[in-house]
Each structure stands twice: as C-alpha cells, then as structure tokens.
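Notes to accompany the following structure.
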Amino acid sequence: MQSSTFAPWEDPDAKPLIRFKNVTKRFGEFTAIDNLTLDIFEREFFALLGPSGCGKTTMMRMLAGFETATEGVIELAGQDIAPVPPNKRAVNMMFQSYALFPHLSVWDNIAFGLRRDSKSKDEIKARVEEMLRLVRLEKFAHRKPHQISGGQRQRVALARSLAKAPKLLLLDEPLGALDKKLRQDTQFELMDIQEKTGTTFVIVTHDQEEAMTVASRVAVMDQGQLMQVATPDRIYETPNSVYVADFIGDVNIIEGRATPEGEDGYHIDWAEGQPALTAKSSAKFDKGQKCHLAIRPEKVAISAERPADAANAVQGRVHDIAYLGNLSTYYVELADGSIIKAQTSNTRRISRRSFTWEDTVWLSWTATAGVLLAN
Amino acid sequence: MSRMSWFNTVSLTLGFAFLYIPMLILIVYSFNESKLVTVWAGFSTKWYGELFQNDAFLNAAWVTLKVAVMSSTLATILGTMAALVLVRAGRFMGRTLFSGMIYAPLVMPEVITGLSLLLLFIGIGLDRGVMTIVLAHTTFAMCYVSVVVSSRLVTFDRSLEEAALDLGCSPAEAFRLVTLPIIAPAVISGWLLAFTLSLDDLVIASFTSGPAATTLPIKIFSAVRLGVSPEINALSTIMIGIVTVGVISASLISKQALVRQKRDEQAAARG
C-alpha cells in the first residue's frame, strides 16, 4: 500500500500521466468503451477491475497501441498517443500469456527490447543483469522459457517489460496463471518492484482481492463504463452503487423506502410487519424514495438475545453456516424468507461455537454500519 | 503392443509389395552387369559410371536441380505470404473465394494446369525454357506450401508478435525476429515438399519446357520410349533416393516441431 501522503488524484494541480478524454471504442456494433474519462497519475498502481467483457482489456490495448479509440483522445504525459505506433510508445506491456519468445533464452528475452534501441553491448548487459537480479532469476538466464516454471516465466515477462524503463507498465491479468499461494507472494513482489522502480503500473484483473491488495486506486468497470474510481478502502466502505458493493466482497442488500429523520438519518421501511431500520447517509433521499441498504456481513453482529442498545435488530433462524477456518458466515433466514449474512471471526475452537443450525438468533448493526444507495 | 493377426500380416505384406516391388526391381537392376534389362548378369556399378559420362542426362539433371531450387524458394515465399493473409487478415471481401482458389490447384488435373500455363506463356510471348518451368512449378507448389504454413500459423500465439511490437520492433522486424524463427520448421518442410514436387514433375514440365531446357523426368520419359537402358535405372535409383530423403526430412522436421510445441504447451499448462 502507498503511504498516506501519496494521493495526487486529490490535488487539483497535479498533472496526470494518462488522460482518457471522452473515449469511446466500438467494434462494429459492439461498444466496448462508452464515453469514458479517466486520469491516472505518475507512480500510481492503478487497477482496472471488472467482469470479463467489461472493456478493461480494451482500455489496456488502447494504451499499448494495439487498438485505437473510435472517439475521444488518450494522452500520455500531455501528448495525444493516437498517431504513435506501439513500437514508438514509452509504454510496455506484460501479456496475460506472458508471450515469452520460445526460441530465445531468458537472457535474450529480457535483452530483446534493449537491442531495438541502439544501445551498446555493455549497457545491454548491465541492464539485463540488473533486471535478472530484480526478479531473482540470475541462475536461469540461459534457460529457454519452456525449461522454467510458471512463476519464473511470469517474472521473466515482468523483467522483459520493465527492462526498457517505460513510463507506464501495463499488466494484463499478470497473475492469472499462478496458483493461489504463489499469486499472493507475487502480489507483494509486484508492489515492491513498483515502489523500487517508481514506474506507473496499470493492472487489469477480474480478481477483486488482487486489485484491493496491490492498487493505490481501483476502477470498477461494467459494460464499458467506470462505475467507481477510488482507493480500495473507499471502494469497499463507501461503494457508490449496488453494482460496486456487490462486485467487491460480500454484501447484504436490503431494499426499502426511505423516510428522512433528522440531520442525515433515515428510516427504511423494508418489510411488512417489521420495524423500520435506521441508517445515516450523506447522500440525500426524498420521502418514500426507493433505496438499498448495503451492509457488509462482518459488520452484522449475531447474538442469542436482542442487544439492548442496537440501532437495528432483526430476528431470524440460522439457515446455513459456512465455515472458512478463520471466519464463519451465518446465513440467517428472516421471517419474510430473505437471507442476511453475518460474519464472525472464529476466535474459539469450532466445538465451542455458540450457534448451530435452526437456532433462533438476533442480528444487529449500528446506524453507520451500512451504506444507503439509490441504485 | 499386441501381435498382428495373420490376416493383417498378409494384407500389410501384400500392400507394401504392391507399392514397392516395382521400385525395388528398378533399384536391383540398376546394379546389373548386363545391358539387357531383364537378364541378371552379376553386380556392377558401371551404369552409374556411364551415367556420369552422359552429358545429356547430366545437363537435364542440372536443369532439374536449378528449377527445383528456384521454384521451391519462390513457392515458399509466395505460399508463406498467402498463408499469412489467409490466417491473419480476418474477414475481408472474398476471403472464402481466395482461400478456395489457393487450394484449388491441389486437385486440378495437372494436364489442365500445364495446358493453361502453356497457353499463357505463348500468349504473352515468353520463350519456353528454365524460366517458364520455374514459374509453372512455383504456381502449383505454392499451394502446398501455404497449406503447410497456414496449419502452423493457426496455432501461433498472436501476442508474441504484439510483444515484439511493444518492445520496439517495427512490424517487419517482428516478423523477422519472432514470427519467422518460430514458424521456421513449417516453412522449411514446405520448401522441401515444393522441392520434391518440382523434382519429379513430368506433366507440367513437358508442357512448359522448351528445346533449350529439358528436365530429368522428361529426359527419362523420352529415353524410355526408345527402350529401357540400365543407365536410366541408375538415374531413377538416384532420384528415388533424393525424393525419399526430401519427404522423410520434411515429415521429420514438422513432426519434431509438433512434438516440441506439445511439450512446451504441456509445460505451460503445468506451470
């Protein structure tokens, strides 16, 4: 994670490294990117997150130069990049398949880009060795790509794309082919390398955990549009739509009608015969307006008795328990048949668990635990 | 492996005998001492010696070799280009027509190809000789090359080329430094195939050759009409040898490439 002082997106005078201005990309009838405007700043680790087909890869390919925008302008350091071919851009890309050249050794793969610039032999040698050290592959310099493991291939691809010291590095699902454990280690390695080299990274991923871990800012995309662009904690804590809340992590969505109550409080009528819920929201809602209350399962407490001072409490029956080792998620069925998830950490051994299937329990949360969303 | 039944053994033997006994007889009689082709008079390599004294045959052999090298090289260049367009260019007007027309000469009777080329050369006033045979052989061999090369290109990962562009290559450099080395086995086996086809073509060559240039198959064919001489047996044996080596190495090269590719893919899947 970046230090708390690194937030150029909050500085109105900061000059973005990349600027998408009303960019639209169509493939025939299909609109992949729909009038999208976005600034990405120097030294950022920016994640494009979304389901497949949301346009995130198209955005990356436009930055690399393999696609051109149908409308709008993409600027890199203040320059329109549309007329610049991929081989003339100070942008390098790490491909999803790694795209290592099978007929060249690890050493030659990394040197490939350097040889295209008219650099001296010594310069190339020094730079390749520096890159090999960076990704800890000195011993494998003379192997061919098919003679090393997947994780090592991933590091060769990273070294090759970093060798030319690009202004911007694009990473297309860089960890997709690795298993979970290796992926986690590699995430930290990526962040480390990003900090060491000071390169701006743009990463495309469909793995929300990966985006949250590595990125300074995350852009959640859907159908060619940006749903929300913010730091990982803001995306998680204050999503701006049901889509984002649902896409990132686990969430309970309770649909109801809002009634203003005091300064920034609201009553939410959500089910016949149930007491109204209360929630605080900085967004304004009219009386009777449809709204969605999004609450993360870990912010919902579960208890046998009704907690005396809870702002919101509902009664239900334990329908199912998902045991995840460190956490347990209780699926509690309410009187109207809807399910609310509550998550607790398993600080005790499983045999001492307080609730089991079919138990009647109370779920409670505070007025500020949830986010009130219009749509 | 289970042992073959007697039925399978017999049919295999008969099949191979049917295919190869004529050639075997030819090879055996090329080492015959006697001038009479059908009478065995002991082992000798004298017909090979005499063959290398025969200027007409040597000349024809030289023409054949020149034609084969030039036409297979031209066919490889054109066939590879055609394969690139067919596999890469995506959808364009007349793509189906184009790919159909590339493959049509594979099934076209050679007599028709030869005749139409002859008419063309007469029409444009091109004197028949080495040049016209080269053009004719290029025409039909490039179809074979493009079939071989395009089947390799279909499995070629485009992102390799994109990576080369991304790292600073011009499109031409990307092709030379990345694409070509990777598809090289297919291109080489295409070349060998074209070479072999050119070497043993009689029909098209006899339409398009002139008095100035005769290829070996034509020479042999016309010599046989005056009676089979042991010299021709010797010559044919040499040709069988060359063609065999060509075909075997073409298939070995493409098979090796396939095995290597499989192994890489499996390793990648494991990784």
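Rule-based calculations on the coordinates, nothing more; no lab input. Remember, it's a predicted structure, so these values are computed and weren't measured experimentally. Because the Cβ atoms are built from the backbone with ideal geometry, glycine has one as well, and the counts that use them run over all protein chains shown.
The figures follow:
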quantity: Among the candidates B:THR215, B:THR196, residue that is more than 13 Å from chain A (Cβ to nearest Cβ) and closer than 30 Å to A:HIS103 by Cβ; calculated: B:THR196
quantity: Conditions (1) within 14 Å of another protein chain (Cβ to nearest Cβ); (2) more than 19 Å from the chain's Cα centre (by Cα); (3) buried (at least 21 other Cβ atoms within 10 Å of the Cβ); number of the one not met by A:ALA69; calculated: (1)
quantity: Conditions (1) at the interface with chain B (Cβ under 10 Å from one of its Cβ atoms); (2) exposed (fewer than 14 other Cβ atoms within 10 Å of the Cβ): number failed by A:ALA82; calculated: (1)
quantity: Test result for A:ARG89, free of Cβ contacts under 8 Å to residues at least 12 places away in the same chain and closer than 23 Å to A:GLU173 by Cα; calculated: no
quantity: Of all residues making up region A:115-154, the number that are within 11 Å of chain B (Cβ to nearest Cβ), in a helix (DSSP H, G or I) and either free of Cβ contacts under 8 Å to residues at least 12 places away in the same chain or within 32 Å of the chain's Cα centre (by Cα) (or both); calculated: 9
quantity: Among (1) surrounded by fewer than 18 Cβ atoms within 10 Å (Cβ to Cβ); (2) in a strand (DSSP E or B) - the single one A:ALA279 does not satisfy; calculated: (1)
quantity: Tally, over region B:156-206, of residues that are among the acidic types (Asp, Glu), buried (at least 23 other Cβ atoms within 10 Å of the Cβ) and touching a Lys or Arg at 6+ places or on another chain (Cβ under 9 Å); calculated: 1
quantity: Tally, over region B:110-168, of residues that are basic (Lys, Arg) and under 23 Å from B:LEU199 (Cβ atoms); calculated: 1
quantity: Cross-chain or 6+ apart pairs with Cβ under 6 Å, region A:300-323 first and more than 12 Å from A:ILE339 (Cβ to Cβ), then assigned to a loop (DSSP other than H, G, I, E, B); calculated: A:ALA311/A:THR366; A:ALA311/A:ALA367; A:ALA313/A:ARG306
quantity: Single match in A:ALA111, A:ALA177, A:ALA157 (criterion: more than 9 Å from chain B (Cβ to nearest Cβ) and either part of a helix (DSSP H, G or I) or in contact (Cβ under 8 Å) with a residue 24 or more places away in the chain (or both)); calculated: A:ALA111
quantity: Residue check for B:LEU258: surrounded by 17 or more Cβ atoms within 10 Å (Cβ to Cβ) and aliphatic (A, V, I, L, M); calculated: no
quantity: Verdict on B:VAL224 being away from every other protein chain (no Cβ under 14 Å), on the phi < 0 side of the Ramachandran plot, more than 18 Å from the chain's Cα centre (by Cα) and free of Cβ contacts under 8 Å to residues at least 40 places away in the same chain; calculated: yes
